[in-house]
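Read the structure below first, then the notes.
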Amino acid sequence: MKKSLNIVYGVILLTGVVFLLSERSGSMIGEGIAYRTILPFRVMLNNFHELIRAKEENDALSRMAVALSLKLQELREIQVENQRLKKILGFVQEQHRLIQPVQVVNILTEAGNTIIICKKKPYTIVKPDLPVVGYNGLIGKVKEVVDDYIRIQSIAHFMTRVSVIDSRSRVFGILKWEGALYLHGVPLTGDVKVGDTLVTSGMGGVYPKGINVGIIKRVIINRNEYQATILVEPFENLSFQEEVFVLVKP
Amino acid sequence: MRIFIAIVFFIIVCLIDLTFTPYFSLFHIKPYAIILFLYFFTLKFSPLPALIVAGLTGFLYDIFAPDWFGLHIIAFSTFVYVEIALRDKVYWERMISLLFLFAGAFFIRLVVDVPFYAGFLKSFTSVFTSVLPGALINLLAGLVVKIIIDEKLKNAI
C-alpha cells in the first residue's frame, strides 16, 4: 500500500481520535461547521419535518372537524326538537343572543372586588345588565357604559349575585363573592359534590341559562348551621383577560 | 475535479440517508445506506479519494450525532482503509466477497451504536438486537446492489 495513503489514513484517524478525546471541543467545532456550511440543509430538513408534522396535524384536525360537524348536526336536531317541545308545553322561549367581543383595557381590584374596563367598537350597542362571558365561562355583567368604554362588574364583586344550578343534581343556589366565590342557599342535605359544575340557572333575567360559572372546590357541612358552605372556583381567570364577550339581545 | 464530484455526491447521499433514516427504519434499526456507498465506491474508485470521502462522510455523520464526536470518522475511514488494503488480495467479483461488507457493517455499527447504550447489559444486548440485524440488512441490500451492477455489466459486455 502506498505511503501517502497510510499518511492520509493516519491523519484522518488522528483527527477522529482528537475529536473523540476532546469530546466537548469536537462537538463545538462540529456544530460550528454545521452552522456555517450545512445550515441551509438543516433548515430544509427542519422544514420538511415541519411539513410532515403539519400534514399529520392537518389530518387529525380534519377528522376532528368532521366529528364536530356531525355532533353539531346532532345538536341542531336536538335544539329543534327542544324548541318544538317547549312550544307544545307552552314554555318561554330563550332568546338567541349575539356575541359582541370587547377589548379589555384595564382590570381594577378595589377591596378585593374586580372591575373590568373594556373598550367597545363605536357602532356596537351595549346596555347595562347584559351578561359578559369569556372563552370558558361567565365573567360578570355590564354595569355602566360611558362613551366607548364599558364597566363590567365581575362575579368577583360583593354586589354580584348569580343564580346557578348544579349541572349534575340540578340543585339551585346563589353565588356570592365574599373574598372568594361561595354558593349560598344550598341546604345541608343538598346533593352537591366537589367537582360538580355550576351553570347559570336563567333565573333573575340577567344571565341566560346554561353558561358555565365554576366548579365546586370544597363543601363544608357544619351541623350548627342550616346550610352548607360551598367554595366555588370560577372557570374564568378574573384577574387577567385580554378580551371578553358581551351577550347582546338582538 | 473527480474528487470534488465524489464529495458532493457523498454529501447528498449522507443528507438523504440522515434525513430519511427515521422513515426507513426497520424495527428501529438504522439503514446506514452510506456503508453500501462507501463499499462500492472504494471498489470502483481510486483509494485516496475513497479514503478522503470516508473521512468527510464520517465527519458529516458526527455533526448530526455530536455526542461521541469522531466515532464515525474513525469507523468509516477504518472500514475503507481495510477494504483498500484487501483490494488486491480478494476476488471482489465473487458474491462471497460481500461477507466483507457484512463484517464492515457489523464493525461500523458496533463502533458507532454501542457507546450510545447506557450500561453493559444494554450495550451487549444491542449487539444482537441492533448491530447484527443491521449488518444483515446491509448485507442483503449489498447483495441486491451487486446483482444489479453485475447485470448491468453483463449487458454492457
- Note on the structure: From fewest to most C-beta neighbours within 10 Å, the residues A:His157, A:His184, B:His72 line up as A:His184, A:His157, B:His72
- What FRET efficiency would be calculated for the residue pair B:Phe4, A:Lys71, taking the C-beta separation as r and a Förster radius of 56 Å, to the nearest 0.05? 0.35
- Once you average over the residues of B:56-64, how many Cβ atoms of partner chains fall within 10 Å of each Cβ? 5
- Query: What dipole magnitude, in Debye to the nearest 20, does region A:194-250 give about its Cα centre under +1 on Lys/Arg Cβ and -1 on Asp/Glu Cβ?
  - Reply: 260 debye
- Task: Between A:Ser239 and A:Arg218, take the C-beta separation as r, use R0 = 22 Å, and let me know the FRET efficiency to the nearest 0.05.
- Result: 0.60
- Item | Within region A:75-146: Cβ-based charge dipole about Cα centre, in debye rounded to nearest 20 (Lys, Arg +1; Asp, Glu -1) | 240 debye
- Enumerate the lysines that A:Lys120 could reach by cross-link, defined here as Cα to Cα under 24 Å, with residues fewer than 8 away along the same chain left out. A:Lys141, A:Lys143, A:Lys249
- Task: Quick one: which residues, 5+ away or cross-chain, put their amide H under 5 Å from the amide H of A:Leu181? H built at 1.01 Å from N.
- Result: A:Val232
- Query: What angle do you read, to the nearest 10 degrees and between 0 and 90, between the alpha-carbon axis of helix B:98-113 and the longest principal axis of chain B?
  - Reply: 30 degrees
- Over the whole of A:5-12, what's the average partner chain Cβ count within 10 Å per residue? Rounded to a whole number, please. 6
- Rg followed by Dmax, in Å, when region B:89-129 is reduced to its Cα trace: 13.8, 41
- Item | Nearest-ten-degree value, helix B:2-24 long axis tilted from longest Cα axis of chain B | 40 degrees
- Message: With θ taken as phi - 60° and the coefficients 6.51, -1.76 and 1.60, list the Karplus ³J(HN,Hα) couplings across region A:181-192 in order, rounded to whole Hz; mark glycine and proline as x.
- Response: 7, 10, 9, 10, x, 9, x, 4, 8, x, 7, 10
- Task: Please report the relative contact order for region A:145-250, taking Cα pairs under 8 Å with a sequence separation of at least 6, and give it as a percent rounded to a whole number.
- Result: 21 percent
- Query: ³J(HN,Hα) across region A:171-176 via Karplus (A = 6.51, B = -1.76, C = 1.60, θ = phi - 60°), whole Hz, x for Gly/Pro?
  - Reply: 7, 8, x, 10, 8, 10
- For helix B:33-44, report the angle its Cα long axis makes with the longest principal axis of the Cα atoms of chain B; keep it between 0 and 90° and round to the nearest 10°. 30 degrees
- Note on the structure: With 0.36 nm assigned to each residue of separation and the Cα-Cα distance removed, B:Val90 to B:Ile147 gains 18.7 nm
- Message: Can you give me the long-range amide H partners of A:Arg161? Hydrogens built in the peptide plane at 1.01 Å from N, cutoff under 5 Å, separation of 5 or more residues or another chain.
- Response: none
- Query: Taking amide H positions as placed 1.01 Å from N in the peptide plane, with prolines and chain starts having none, which residues 5 or more places from A:Gly214, or on another chain, fall under 5 Å of its amide H?
  - Reply: A:Leu198, A:Phe235
- Over the protein assembly as shown, equivalent-ellipsoid semi-axes from the Cα gyration tensor in Å: 74, 24, 23
- So, relative contact order of chain A in percent, Cα under 8 Å, 6 or more apart, is 17 percent
- Query: Where Rh is the Kirkwood radius over the Cα pairs of region A:74-138, the temperature 25 °C and the viscosity 0.890 mPa s, what D in µm²/s does Stokes-Einstein return?
  - Reply: 160 µm²/s
- Message: Based only on Cα atoms, what mean projected area does the convex hull of region A:158-250 have, in nm²?
- Response: 6.7 nm²
- Item | Which of A:Trp177, B:Trp92 has the fewest Cβ neighbours within 10 Å, and the rest in rising order | B:Trp92, A:Trp177
- Message: Given the DSSP H assignment, sum -39500 (n - 2.57) over each helix run of at least 4 residues in chain B and divide by its residue total; what's the result at 222 nm in deg cm²/dmol, nearest 500?
- Response: -25000 deg cm²/dmol
- Under the Karplus relation 6.51 cos²θ - 1.76 cosθ + 1.60, θ = phi - 60°, what is the ordered set of whole-Hz ³J(HN,Hα) values for region A:57-73, x standing for Gly and Pro? 5, 4, 4, 4, 5, 4, 4, 5, 4, 5, 4, 5, 4, 4, 4, 4, 4
- Query: Using the eigenvalues of the Cα gyration tensor, what equivalent ellipsoid semi-axes result for region B:44-118 when each is taken as the square root of five times the eigenvalue, whole Å, largest first?
  - Reply: 24, 15, 8
- Message: Let me test this: with uniform point scatterers at the alpha carbons of region A:140-200, what is the Debye-based log₁₀ I(q)/I(0) at q = 0.20, 0.21, 0.26 1/Å?
- Response: -0.77, -0.82, -1.07
- Calculated FRET value between A:Leu231 and A:Leu98, using beta carbons and R₀ = 41 Å, to 0.05: 0.75
- Item | chain B: relative contact order as a whole-number percent, Cα under 8 Å and 6+ apart | 22 percent
- Query: Could you give the Stokes-Einstein D for region A:195-246 in µm² per second, using the C-alpha Kirkwood radius, 4 °C, 1.567 mPa s?
  - Reply: 99 µm²/s
- Task: Specify, per residue and in Å³, the volume enclosed by the convex hull of the alpha carbon atoms belonging to region B:2-156.
- Result: 117 Å³
- Task: Please list A:2-10, A:163-171 highest first by mean number of surrounding beta-carbon atoms within 10 Å per residue.
- Result: A:163-171, A:2-10
- Assign unit charges at the C-beta atoms only (+1 for Lys and Arg, -1 for Asp and Glu), then state the dipole size of the protein assembly as shown relative to its Cα centre in Debye, rounded to the nearest 20. 460 debye
- Other chains' Cβ within 10 Å of B:72-79 residues: what's the mean? 4
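Rule-based calculations on the coordinates, nothing more; no lab input. Predicted model, so just to flag it, every value in this text is computed and none were measured. Neighbour counts run over all protein chains shown; Cβ positions are idealised from the backbone, glycine included.
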